[in-house]
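Single-structure report; data block below.
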Amino acid sequence: MTMAEAKYKKFYKLMREKEEALFLEFEKIHYAYKENSNVNQKEFNRVGERVVEVIRDWDRKLCSSMGKTMYGQYSQQVSEKFWDLVRQDFDQIDMVGVKIG
């Protein structure tokens, strides 16, 4: 018998499925940005801003129910784990909106 999948992992998978086209678009520009950040900065930020909005929305959904319970103190940790999953797939996500040169 396997342990139930963590809720933050379920939310991450669901978010990627529901917003598949957006994440595929971001995946392409994310790769291009890693290859040449100067050339791809504008498009990376344009698509990345939409992606970050979606991620924050799903993060709020994930943690909002916890904040109202005795598990409120854990919601920050769960949020961090959720964002860690994001960063595993998109290690440049924190560069969205950052102006280079």
Quiz item: When you go through GLU19, GLU27 one by one, which is the residue that is under 12 Å from ILE55 (Cα atoms) and not polar (S, T, N, Q)?
Solution: GLU19
Quiz prompt | Subset of the range 31-52 [in contact (Cβ under 8 Å) with a residue 12 or more places away in the chain and either charged (D, E, K, R) or farther than 30 Å from TYR74 by Cβ (or both)] | solution = ALA32, TYR33, LYS34, SER37, ASN38, GLN41, GLU43, PHE44, ASN45, VAL47, GLU49, ARG50
Quiz item: What's the number of the condition PHE11 fails, among (1) modelled with pLDDT of 95 or more; (2) surrounded by fewer than 18 Cβ atoms within 10 Å (Cβ to Cβ); (3) not hydroxyl-bearing (Ser, Thr, Tyr)?
Solution: (2)
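The values are calculated or read from the model by the stated rules, or taken from the named source; none is laboratory data. Since we're looking at a predicted model, the values are computed, not measured. Note that each Cβ is placed from the backbone with ideal geometry, even for glycine, and that neighbours are counted across all protein chains shown.
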